[in-house]
Amino acid sequence: MEKSNIIVVGGGIAGTMTALSLQRSGNQVTLIDRWEPGHARAASSDYNRVIRAISGHDEFYTRWARESRQRWLELQAETGQKLMYECGALILATEGHSDWEDASSATFDKVGVPYYKFNQDEVSKRFPQFKVPDISYALFEPEAGMLMAHRCVITGVELFKKAGGIVKRGHVTTDSTEKPLLDNKPLEADVIIIATGAWMSEMFPRTIKPISAIIGLPVFYTSTPNGSDLFDKDKMPCWIDHGQNSFGIPSSEGSGIKAMIAIPEKIDLDNDERLIKREALARTQSYVKHRFPLLENEKVVDSKFNQIILTPDTHFVVDWHPEHTNVLFAGGCSGHLFKHGPVFGEFVSGVAMHNYGTADRFKITGRKKLSPKESPSGR
């Protein structure tokens, strides 16, 4: 096969894994980002991210997550870098509002994902960190866990360079027709893949902005109690708590317990500071007090401000620009894309090389808002 000249714009997890797959397939790939790989503005730059197969009734993402888990473990073995901790994930099903969790159980049974179903008493005995008087039951996915997000991106970039890929610093914009530009000159390549996360919306105001929302989500890291390892990854799982609009990750490598309340904030990507508002801190501390009484008096030791791009149906975008036929979009929902990184990158690579078309769910057209019961992310 003739080697293609390909440019990938955006060095987060979507762009890095796509570039790596294409480079390893024998193409010459250049990866362009405005800042250094792993930079603090990227949605992929936090310390860690949850990896779990639970996706409601959606078998597609459930299978992708299981395949990606295997790929992450393979990359970990290849590089010697600790990319994943298999601490499990506990999904709390709120009394009277458990459609997503109910659907996930049926999907797990069909796909063959290992899991346990615990009642309140069983959760309290197995995971004494959690106070759960308001749940109906919980699902525990033992082969889930966390990805060390920043390390995953940096490791992916190093593998890409080792394979002969080129990493370049530059600010790609678009003209009035949405044609990509670099230094105000047309970007030329056989294929140009746009994987700029939240910035994709402002770069493509006619094509991507109408099907996306940009939101900011603050996360906080709370100290573990003096002399206790109860909230460390070896004894505590990640968790998803839709009834409280929250998710979190146990302390890993000294980080503290990560908790996020999913109450989105508006953000101007280029002009707003990445600072945490006091009311967001108060909301998170109130949640931590409610769900983890043993952490009530512990202090917040770190925080991050993540921005994400969301589509109405929370499906990804992998589709060609309607006018510029060599421009391929890759991204669209960084709220649950990270864990799928290796498989997502391979899929985008195949679409880019015209080995196959994209999935209907990933196309730009036909988007509609889904209810939490229908959505693969439960949102």
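The values are calculated or read from the model by the stated rules, or taken from the named source; none is laboratory data. All values derive from a computational prediction rather than experimental measurement. So basically every Cβ, Gly included, is an ideal-geometry build from the backbone, and we count neighbours across all protein chains shown.
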Out of (1) out of contact with any Asp or Glu (no Cβ under 6 Å at 6 or more places or on another chain); (2) buried (at least 20 other Cβ atoms within 10 Å of the Cβ); (3) not polar (S, T, N, Q), what's the single condition that is false for ARG169?
(2)
Within region 36-73, of all residues that are at pLDDT 95 or above and among the aromatic types (Phe, Trp, Tyr), the one farthest from ALA352 (Cα to Cα) is TRP72
Go through region 69-100 and count every residue that is closer than 20 Å to ARG49 by Cα and assigned to a helix (DSSP H, G or I).
10
Whether any residue in region 59-67 is among the hydroxyl-bearing types (Ser, Thr, Tyr) and out of contact with any His (no Cβ under 8 Å at 6 or more places or on another chain) is what I want to check.
yes
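Scan region 277-308 for residues that are assigned to a loop (DSSP other than H, G, I, E, B) and either among the acidic types (Asp, Glu) or not assigned by TED's automatic domain parsing to the domain that holds GLN244 (or both) and jot them down. Explain how you work it out, then say what you get.
Of region 277-308, the ones assigned to a loop (DSSP other than H, G, I, E, B) are 277, 292, 296-299.
Residues satisfying the conditions are GLU296, GLU298.
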If we scan region 54-62, do we find a residue that is in the same structural domain as TYR221 (by TED's automatic domain parsing), polar (S, T, N, Q) and either assigned to a helix (DSSP H, G or I) or under 22 Å from ASP241 (Cα atoms) (or both)?
yes
Counting only residues that are under 14 Å from HIS324 (Cβ atoms) and among the polar types (S, T, N, Q), region 174-226 contains a total of 4
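Have a look at ASP109, ASP102, ASP134, ASP121 and point out the one that is assigned by TED's automatic domain parsing to the domain that holds TRP64, touching a residue at least 60 places away in the same chain (Cβ under 8 Å) and among the acidic types (Asp, Glu).
Details: ASP109 fails: touching a residue at least 60 places away in the same chain (Cβ under 8 Å); ASP102 fails: touching a residue at least 60 places away in the same chain (Cβ under 8 Å); ASP121 fails: touching a residue at least 60 places away in the same chain (Cβ under 8 Å).
Criteria check complete, one pass: ASP134.
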(1) within 21 Å of the chain's Cα centre (by Cα); (2) surrounded by fewer than 22 Cβ atoms within 10 Å (Cβ to Cβ); (3) not hydrophobic (A, V, I, L, M, F, W, C) all hold for GLY256 apart from (2)
